[in-house]
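Visitor: The structure under discussion is supplied below as structure tokens; questions concerning it will follow.
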Amino acid sequence: MKKYLNLSFSYAMAAIVCGVFYREFTKTYAFTGRTTLTFMHLHLFALGTLLFLILGLYAEKLDLEKQKSYRIFMRLYNIALPFMVIMFLIRGIAQVHGTALSAAADASVSGIAGISHTLLTIALILLFTSLKKASVRS
């Protein structure tokens with residue numbers, strides 16, 4: 001349980017930092033339009049903080065950590081989510097500054113964001129697979 005609380009707390013702190021950064025950064029540049037910076041806060045809170053708080057309640061009871069698919073989920077998810085948020089940050093800073101990314105830079109940011117979303121989806125499939133296996137055993 002302690003591991004999940006620490007992980008959840010870390011994502012909560014990152015979400016708060018991202019929310020403050022978004023507010024202060026856009027205020028500093030008097031930016032009033034839409035930007036991907038708004039998604040960082042929400043993604044970290046929902047997909048990081050809340051998910052691991054909920055998992056912390058059930059992981060020990062369901063003995064999830066003994067499953068290989070769950071261990072892969074944990075590694076993959078905790079790599080993919082930060083990468084996704086970093087791509088929101090990069091694109092959002094460019095949007096606020098009004099910087100037009102070159103075709104290569106735009107494709108790179110989109111590509112990495114797409115890969116991180118795909119990895120996150122695979123991780124979630126692994127999580128549901130693990131939960132389903134655990135429910136059969138219980």
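Visitor: Determine, yes or no, whether ILE93 is touching a residue at least 60 places away in the same chain (Cβ under 8 Å), under 24 Å from GLY19 (Cα atoms), within 19 Å of the chain's Cα centre (by Cα) and in a helix (DSSP H, G or I).
Guide: Spelling it out, ILE93 is indeed touching a residue at least 60 places away in the same chain (Cβ under 8 Å), under 24 Å from GLY19 (Cα atoms), within 19 Å of the chain's Cα centre (by Cα) and in a helix (DSSP H, G or I).
Visitor: A further question follows. Given the criteria in contact with a Phe, Trp or Tyr (Cβ under 9 Å, 6 or more places away or on another chain), small (Gly, Ala, Ser), part of a helix (DSSP H, G or I) and surrounded by 15 or more Cβ atoms within 10 Å (Cβ to Cβ), does ALA80 qualify?
Guide: It is false that ALA80 is in contact with a Phe, Trp or Tyr (Cβ under 9 Å, 6 or more places away or on another chain), small (Gly, Ala, Ser), part of a helix (DSSP H, G or I) and surrounded by 15 or more Cβ atoms within 10 Å (Cβ to Cβ).
Visitor: Among the listed residues ILE79, ILE72, ILE90, which satisfies the condition of being among the β-branched types (Val, Ile, Thr), farther than 30 Å from ALA134 by Cα and modelled with pLDDT of 95 or more?
Guide: Of ILE79, ILE72, ILE90, the one residue that is among the β-branched types (Val, Ile, Thr), farther than 30 Å from ALA134 by Cα and modelled with pLDDT of 95 or more is ILE90.
Visitor: Any idea which residue in region 56-68 is farthest from the chain's Cα centre (by Cα), counting only those that are in a helix (DSSP H, G or I) and crowded, with 17+ Cβ neighbours inside 10 Å?
Guide: Among those that are in a helix (DSSP H, G or I) and crowded, with 17+ Cβ neighbours inside 10 Å, it is LEU62.
Visitor: Of the residues that make up region 15-25, is at least one of a type in the set (Gly, Ala, Ser) and part of a helix (DSSP H, G or I)?
Guide: Yes: one or more hits.
Visitor: May I pose another question? Go through region 26-55 and count every residue that is of a type outside the set (A, V, I, L, M, F, W, C), assigned to a helix (DSSP H, G or I) and either buried (at least 19 other Cβ atoms within 10 Å of the Cβ) or in contact (Cβ under 8 Å) with a residue 12 or more places away in the chain (or both).
Guide: 6
The values are calculated or read from the model by the stated rules, or taken from the named source; none is laboratory data. Computed from a predicted structure; not experimentally measured. Don't worry about glycine lacking a Cβ; one is built from the backbone with ideal geometry, like all the others, and counts go over all protein chains shown.
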